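First comes the structure, then the notes that go with it.
The values are calculated or read from the model by the stated rules, or taken from the named source; none is laboratory data. Owing to the predicted nature of the structure, the values given are computational and were not obtained by experimental measurement. Virtual Cβ from ideal backbone geometry, glycine too; neighbours counted across all protein chains shown.
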């Protein structure tokens, strides 16, 4: 505990290593207070900086159910913020207290809706102020069980989204609640963090309130990233059949992996929750209705999704399925700049691989063609970092498998991918050979390394972008691997600008070799998207009917010639 002059502490609301929250009484002001304390022990100052940041944010807010801080104190061993006392308990304690006693039927659904509406109203007010919380969790919410009124008390990671589309915020170690973080907060996907990230966290909280369980459960903290990115969530009504289907659908919409598939605003969510409350009050049940009907984002967002390309998706899916059956395959994707080569590969194959396997990517640079293998090295370095998040038992298994495959030639790969030493340790020196022998040895050892990283349970997809700028060493390596009939569970994907590859380019010869080689090969040549895809994109972007945008679609198609890049800039 701690001593703060003029404050008598009598109850713990919740405690952790960063910031703890207590209930007390101010003998100076003669009123109940809540005290948030960040200790300065063990050279850890993140809690203190979070508390200062929170004080600056909340002192400027003038929103209902957001209690402004009364005073702040900075002592030798801790910092503390004092806010006005609020009747209630933490939402996390409320959830735990009600798990065993949760009743079924109208009463419990009414209670859930009252709480959900109260929290959503608070989030709606904050988002209207341009504020996103980034760390919404039950410990940061107080609830008065007598009237279901809620208060948000954790603003430690909050940020103002002043310029929508320009704020690129990422999850960091100051966010201590990975159970509730959105996929875009993991840092593994290139997505902007905006208000929709809070809505994902809100979906996780709603799921826990109504079922008593988190939507995702993992055995190790480092597994949360993969869970949020890839694991499917069981619907609340499957978990508990007494939960109305419409409420289950609302929660699952909040928990969509892609931000554009979620609710786009807290206002749209609030309207649906109020409709549920209205129906259950008047009719005693909730009849189906179209959810998100009034959901319009306060900010302009272009959907980050793939439109059309159905035949091309099938080619990629067939190649991946072929690889999963124990083979190797190569797919090259060509097209003009901006036509959507990278989007096609990322959107299709990432979704295939998320449930099973590893997807790694590298991109060649026109200004770095003198650096051999650079994108390949970077891609495998990222895979090593991903493997480092596994638990010790799994990591040890990878270490044995890789060492067995490399034998005495481990240094050949650690010189190429220094990060690999994190797994297999420092390797012994190797013999110096002539340049040609050195290249041959590298190709053979790299082949063995790649084969060690692939298998039935974890097929490996390697995507190399902008092959028109690939260095000769990388192309020789790809050619060598394509001729090996023993490769299994490996899919190589390459993308290049066909307008920059003529008959004299090295890639032209490779295409001929791939067609004659022993490895399964497919070539996708991307064409411009059609009017109907532009219509679908504009309809989803503007949330309007087809009849209102026919002229706009015609103009966009004529000016862009169906090139997706010019539709998005």
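Things to note:
- Residue within segment 530-550 that is under 30 Å from residue 328 (Cβ atoms) and either assigned to a loop (DSSP other than H, G, I, E, B) or at pLDDT 80 or above (or both) present: no
- Every residue from segment 366-389 that is surrounded by 14 or more Cβ atoms within 10 Å (Cβ to Cβ), in contact (Cβ under 8 Å) with a residue 40 or more places away in the chain and in contact with a helix residue (DSSP H, G or I) (Cβ under 7 Å, 6 or more places away or on another chain): 369, 372, 373, 374, 376, 389
- Residues within segment 322-377 that are outside any helix (DSSP H, G or I) and farther than 22 Å from residue 389 by Cβ, tallied: 24
- Failed item, numbered, when residue 220 is tested on (1) at pLDDT below 80; (2) touching a helix residue (DSSP H, G or I) at 6+ places or on another chain (Cβ under 9 Å): (2)
- Number of positions in segment 317-342 that are closer than 19 Å to residue 525 by Cβ and either free of Cβ contacts under 8 Å to residues at least 12 places away in the same chain or surrounded by fewer than 20 Cβ atoms within 10 Å (Cβ to Cβ) (or both): 6
- From the list 292, 204, 266, 285, the one residue that fits, being in contact (Cβ under 8 Å) with a residue 12 or more places away in the chain, at negative phi and surrounded by fewer than 20 Cβ atoms within 10 Å (Cβ to Cβ), is 285.
- Any hit, segment 344-363, residues being modelled with pLDDT of 90 or more, more than 20 Å from the chain's Cα centre (by Cα) and surrounded by fewer than 21 Cβ atoms within 10 Å (Cβ to Cβ): yes
- Residue count for segment 551-569, restricted to those that are modelled with pLDDT of 80 or more, in a loop (DSSP other than H, G, I, E, B) and surrounded by fewer than 12 Cβ atoms within 10 Å (Cβ to Cβ): 1
- Scope segment 52-106; condition within 30 Å of residue 283 (Cα to Cα), surrounded by fewer than 15 Cβ atoms within 10 Å (Cβ to Cβ) and modelled with pLDDT under 80; matching residues: 99, 100, 101, 103, 104, 105
- The set of residues in segment 456-495 being within 14 Å of residue 323 (Cβ to Cβ) and modelled with pLDDT of 90 or more consists of 459, 460, 461, 462, 463, 488, 489, 490, 491, 492, 493.
- If the condition is being touching a helix residue (DSSP H, G or I) at 6+ places or on another chain (Cβ under 8 Å) and without any contact (Cβ under 8 Å) to a residue 24 or more places away in the chain, then segment 408-417 contributes 410, 414.
- Qualifying positions in segment 438-483 - over 26 Å from residue 504 (Cα atoms) and part of a helix (DSSP H, G or I): 438, 441, 442, 444, 445, 446, 447, 448, 449, 450, 451, 452
- Between 217, 251, the distinction of being closer than 27 Å to residue 124 by Cα and either outside the structural domain of residue 358 (by TED's automatic domain parsing) or crowded, with 20+ Cβ neighbours inside 10 Å (or both) belongs to 251 only.
- Every listed requirement among (1) more than 30 Å from residue 448 (Cβ to Cβ); (2) at pLDDT 90 or above is met by residue 307 save one, (2).
- Output for segment 55-93, where each listed residue is under 24 Å from residue 180 (Cα atoms) and in contact with a strand residue (DSSP E or B) (Cβ under 7 Å, 6 or more places away or on another chain): 55, 58, 65, 66, 67, 88, 89, 90, 91, 92
- Residues of segment 506-529 satisfying the condition of being touching a helix residue (DSSP H, G or I) at 6+ places or on another chain (Cβ under 9 Å), surrounded by fewer than 16 Cβ atoms within 10 Å (Cβ to Cβ) and part of a loop (DSSP other than H, G, I, E, B): 518
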